[in-house]
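Every number here is computed from the coordinates shown, using simple stated rules; none is lab data. As the structure is a prediction and not an experimental result, all values here were calculated from the model. Every residue, glycine as well, gets a Cβ built from its backbone with ideal geometry; the counts of neighbours run over all protein chains shown.
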Amino acid sequence: MSRAEFAGTMPVSELQRFDEASLGRWLHGHLPGFAGLDRIEQFRGGQSNPTFLLTATDGSQYVLRKKPAGALLPSAHAVDREFRVISALHGSEVPVARPLCLCTDVSVIGTMFYVMEYAAGRNLWDATLPGMTPPERAALFDEMNRVMVALHTLDYAAAGLADYGKPGNYFARQIGRWSGQYRASETERIEAMEKLLLWLPANIPAGEETALVHGDFRLDNLIFHPRLPRMLAVVDWELSTLGHPLADFSYHVMLWRLPSGAGGLQGLDLIALGIPSEADYIGAYCARSGRTGIEPRVWEFCMAYNLFRVACIRQGILKRVLAGTAASRHAREAGAMARATAEFAWRQVEEHLGG
């Protein structure tokens with residue numbers, strides 16, 4: 001299955017249906033200028049928080065994100081946090097869709113939700129950017145790099161986000177959190193996961209840095225201008241917090257480690273494509289953010305940590321599939337990749353860090 005199959009919208013799935021009339025009434029009272037609800041479609045992507053395209057009777061379009069129905073893991077699916085962070089970022093150097101309204105009253109459609117402006121642009125799923133010229137690809141990758149640096153150099157305290165997370169001990173806290181999430185959603189024993197659960201907390205690098213981090217900064221969570229190499233919005237802020245910028249950046253750069261058959265760039269002729277190498281992309285990030293470089297062992301730890309985190313996320317998706325609450329029709333496939341991701345993560349540890 002190509003990742004492009006996750007793009008676009010579809011009719012609202014039976015599992016995600018809610019009271020549309022109730023939503024329409026609420027929007028009339030809380031969304032200035034709302035003309036009335038014409039139709040609702042569901043975005044195919046979004047494994048965690050179901051996301052919908054709302055079209056009003058006057059043609060205006062909005063995006064609604066809600067918590068999924070059913071029993072949820074503690075602290076997951078915090079759409080109110082998403083709304084807070086995009087509200088803080090709107091108008092900054094970090095592009096986000098304009099936030100419009102948050103509903104914490106679960107009686108309206110069954111779960112908490114928020115509405116934001118629809119950023120009409122390109123949502124790209126294939127990292128090779130087919131159909132583009134090498135200079136066009138280079139420009140888009142440079143724009144991704146620029147926005148990530150803008151995020152990590154943002155004065156988060158001045159933006160009102162000083163209490164958006166706990167500064168310090170980021171890796172220890174995150175490894176503990178994800179380990180707990182993994183245990184809560186475990187469906188079978190995965191040996192590679194057991195090794196990672198022991199190795200990661202014992203090998204956390206020294207030194208602390210704190211920045212606002214997105215947590216899921218990947219190509220398909222970015223909306224680009226229809227023609228220009230300019231980002232219109234970073235979306236899906238569910239995993240954002242105050243954390244270590246290299247954890248966030250290395251998650252984004254995992255793209256270079258993953259095989260092309262799995263949506264990555266490994267094994268491709270990047271020069272011919274116009275896409276920077278991993279080293280050049282890291283170099284651009286360091287130059288923009290004022291770093292002299294990144295110590296290789298720290299970088300490889302960050303890579304292992306992020307692959308572990310992805311395995312935990314995929315295990316959570318699998319658990320929700322089995323419970324019947326997963327948001328995406330492709331969730332079973334994503335969830336089944338939990339074991340393969342954990343095994344890949346442990347191979348990275350063995351190859352780059354000696355296990």
All-pairs alpha carbon distance profile, segment 3-118, 5 Å steps from 0, percent: 2, 11, 21, 24, 22, 14, 5, 1
Residues whose placed amide H lies under 5 Å from that of residue 241, excluding near-sequence neighbours: 213
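Any idea what the dipole of segment 101-159 comes to, in debye rounded to 20, about its Cα centre with Lys/Arg Cβ at +1 and Asp/Glu Cβ at -1?
Numbers: 3 positive and 7 negative charges, 21 e Å.
Its charge dipole is roughly 100 debye.
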Options 165, 267, 225, ranked by Cα towards positive dipole end of segment 123-353, top entry (Cβ charges): 165
Long-range tail of P(r) for segment 6-65 (Cα pairs > 20 Å, %): 23 percent
Residues of type lysines that residue 67 reaches as a straight line, Cα spacing below 18 Å, ignoring anything fewer than 8 places off in the same chain: 319
Assigned charges on the beta-carbon of Lys, Arg, Asp, Glu; segment 141-201 dipole about Cα centre (debye): 240 debye
Under-5 Å amide H pairs with residue 38, H placed in peptide plane, nonlocal only: 55, 56, 57
Using θ = phi - 60° and Karplus 6.51 cos²θ - 1.76 cosθ + 1.60, couplings along segment 154-159 (whole Hz; Gly, Pro as x): 5, 7, 5, 5, 5, 7
Gaussian network model of the chain, springs between alpha carbon atoms under 10 Å - residue of 265, 31, 212 with greatest fluctuation: 31
Residue among 306, 203, 221 with the largest mean-square fluctuation in a Gaussian network model of the chain, springs linking Cα atoms under 10 Å: 203
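What size of dipole, in debye to the nearest 20, comes out for the chain about its Cα centre when the only charges are +1 on Lys and Arg C-beta atoms and -1 on Asp and Glu C-beta atoms? Walk me through the intermediate numbers first.
Values: 35 positive and 38 negative charges, 98 e Å.
Using only the charged Cβ atoms, the result is roughly 480 debye.
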Most to least packed among 287-295, 139-147 [average Cβ atoms within 10 Å]: 139-147, 287-295
Loop-resident sites, segment 190-254, for GluC sites (Glu not before Pro), counting at most 11 other Cβ within 10 Å (DSSP): 208
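Distances over 39 Å make up what percent of all Cα-Cα pairs in the chain?
Working: 7371 of 62835 pairs.
When all Cα pairs of the chain are counted, 12 percent exceed 39 Å.
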Segment 236-279-segment 170-185 distance, computed between alpha-carbon centres (Å): 22 Å
Longest to shortest principal axis, alpha-carbon extents of segment 228-293, angstrom: 36, 30, 27
Selected from 54, 206, 69, residue furthest toward positive end of dipole (the chain; charges at beta carbon): 69
Residue of 39, 17, 189 that the Gaussian network model of the chain assigns the largest fluctuation, springs spanning Cα pairs under 10 Å: 189
For the chain, with +1 on Lys and Arg beta carbons and -1 on Asp and Glu, the positive-most of 317, 92, 287 along the dipole: 317
